[in-house]
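What follows draws every value from the coordinates through simple rules; no lab data is involved. Worth saying up front: this structure is predicted, and the values here are computed from it rather than measured. Cβ placement follows ideal geometry from the backbone for every residue including glycine, while neighbour counts extend to all protein chains displayed.
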Amino acid sequence: MEDWLTAAPGVPAVLVTVARVEGSVPREAGARMLVQTDGFLGTIGGGHLEHRALEIARAMLRDGSKACLERFPLGPSLGQCCGGIAYLAFEKLDADQLALLAARRNEHSWRLVALDGEAQWSVFDGQGRLLAGEAGPSFAFDAGTHVMAEEGGRRWLADAVRAPRAHLMLFGAGHVGAALVRALAELPCRVTWIDEREEAFPANVPANVTVEATDTPEVLVEKAPRGTTFLVMTHSHALDLRLSHAILSRPWGDWYGLIGSETKRRQFEHRLRERGIPEPRLESMVCPIGLSGIAGKAPAVIAASVAAQLLSLWEAAAHPEPSSEPN
């Protein structure tokens with residue numbers, strides 16, 4: 001399912017947002033689906049709930065209904081086995097709001113949308129500064145997507161539009177690199193795709209990808225923020241070695257994967273050890289890459305395996321297990 005922020009500008013659309021949940025439901029608060037007359041982008045979980053939401057959204061496009069909040073008991077009213085309750089917010093999405101959010105896809109934003117009365121919306125940055133629209137009532141910027149009410153009872157959707165937390169710097173625009181970019185296109189991540197050869201990149205790349213054609217890729221390594229994920233698969237072993245040295249020389253233990261065999265790993269370990277890379281960092285280098293047990297060498301197979309490996313890494317980083325050490 002495509003990212004809702006990739007919708008064509010100027011086409012009338014209704015944004016459906018999971019505003020609140022109780023019990024077991026298909027998607028979490030903040031999940032969204034953008035509905036147009038002839039299609040939709042994103043998902044709120046599928047099944048009867050999504051089918052009913054599509055009906056309501058398309059009726060709004062036909063008759064011009066105002067924003068609303070609907071309650072769906074999934075078991076009693078929709079026959080879904082989840083059994084929880086989903087509250088869905090429906091709103092006609094303003095084209096200027098969509099354009100602003102699309103431009104800020106790599107930065108945290110907040111939306112505030114009136115669910116009762118006259119149409120009103122505003123967009124804030126991650127620090128709470130108003131970027132567009134009318135300010136509206138104050139709300140908790142440290143909370144997730146939620147519904148709140150003013151004293152008079154007017155309800156508002158406060159919606160956190162989070163930038164992807166995971167950032168991959170991918171070096172190499174060959175067959176495997178291109179296949180991996182396609183595999184990551186709809187995953188919650190940002191990709192900086194780097195190669196010396198500008199002509200190696202395709203004419204069109206996914207919305208979550210930024211292309212960098214440069215003769216000095218090591219500079220990008222040096223400037224990358226802490227927590228960046230690195231993956232090297234260039235057309236040159238000499239360049240792979242230079243990038244390996246630059247990445248493993250960073251003061252943080254960022255995850256680093258290098259395409260290649262066990263033989264390549266041993267060769268690189270020897271050369272990097274000679275260049276002063278300490279043993280713990282050499283041990284942390286992931287080479288070969290991908291999930292164990294998947295032996296296929298076709299670019300699409302490698303890409304699927306590596307995408308799953310990266311997703312597991314990012315999920316673990318986003319939801320760390322509580323420490324078992326005593327206080």
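Along the charge dipole of region 109-195, Cβ charges K/R +1 and D/E -1, which of 189, 169, 146 sits furthest on the positive end? Result: 169, furthest along the dipole toward the positive end.
With +1 on the Cβ of every Lys and Arg and -1 on the Cβ of every Asp and Glu, and nothing else charged, how large is the dipole of region 166-318 about its Cα centre, in debye rounded to the nearest 20? Don't skip to the answer; put the middle values down first.
Working: 15 positive and 17 negative charges, 62 e Å.
The calculation lands at about 300 debye.
Residues in region 285-303, backbone N under 11 Å from the label point at residue 262 (7 Å along the Cα-to-beta-carbon vector): list them, ranges by number please. Flagged as within label range: 288. Where the alpha-carbon atoms of region 246-327 are placed on the principal axes, they occupy 44, 35, 19 Å, in descending order. In the chain, the longest principal axis of the Cα atoms and the axis of helix 299-318 are about 70 degrees apart. Exposure proxy for 264, 223: other Cβ atoms within 10 Å of each Cβ, ordered fewest to most, give 223, 264. The Kirkwood hydrodynamic radius of region 127-202, based on inverse pair distances between different Cα atoms, is 16.2 Å. Using the alpha-carbon positions of region 88-163, Rg (one decimal) and Dmax (whole number) come out as 11.7, 36 Å. Return the FRET efficiency for the residue pair residue 316, residue 95: r is the Cβ-Cβ distance, R0 is 35 Å, and the value is rounded to the nearest 0.05. With a Förster radius of 35 Å, E is 0.35. Overall, the ratio between the Cα radius of gyration of the chain and 2.2 N^0.38 Å, rounded to two decimals, is 1.16. Once Rg and the Kirkwood radius are both taken over the C-alpha atoms of region 4-161, their ratio Rg/Rh works out to 0.94. For the chain, a simple Cβ point-charge model (Lys and Arg +1, Asp and Glu -1, everything else neutral) yields a dipole of about 460 debye relative to the Cα centre.
Compared with the dominant principal axis of the Cα atoms in the chain, helix 47-63 is inclined by about 60°.
Suppose only helical runs count, i.e. DSSP H with n ≥ 4. What mean residue ellipticity at 222 nm does that imply for the chain under -39500 (n - 2.57) per run, divided by all residues and rounded to the nearest 500 deg cm²/dmol? Intermediate values should be presented prior to the final figure.
Details: 8 runs with 94 residues, N = 327.
Counting only the DSSP helices, I get -9000 deg cm²/dmol.
Partners of residue 66 within straight-line reach, counting lysines whose Cα lies under 25 Å from its Cα and excluding those fewer than 8 residues away in the same chain: 92.
Of 171, 72, 268, how do they rank once you tally other Cβ atoms within 10 Å and put the fewest first? If you can, show how the numbers build up before the last one.
Numbers: 171 25, 72 18, 268 22.
Ascending number of Cβ neighbours within 10 Å: 72, 268, 171.
Multiplying the sequence separation of residue 59 and residue 38 by 0.36 nm and subtracting their Cα-Cα distance, what value in nm do you get? Walk me through the numbers on the way to the answer.
Numbers: separation 21, 0.36 × 21 = 7.56 nm, distance 1.26 nm.
That works out to 6.3 nm of additional length.
Across the alpha-carbon atoms of region 166-318, the computed radius of gyration and Dmax are 14.4, 41 angstrom. Of 110, 85, 44, whose Cα points farthest to the positive end of the dipole of region 1-140 (charges on the beta-carbon: +1 Lys, Arg; -1 Asp, Glu; origin at the Cα centre)? Highest projection toward the positive end goes to 85.
What is the magnitude of the charge dipole of region 1-148 about its Cα centre, with +1 placed on the Cβ of each Lys and Arg, -1 on the Cβ of each Asp and Glu, and no other charges, expressed in debye to the nearest 20?
Numbers: 13 positive and 18 negative charges, 32 e Å.
It works out to roughly 160 debye.
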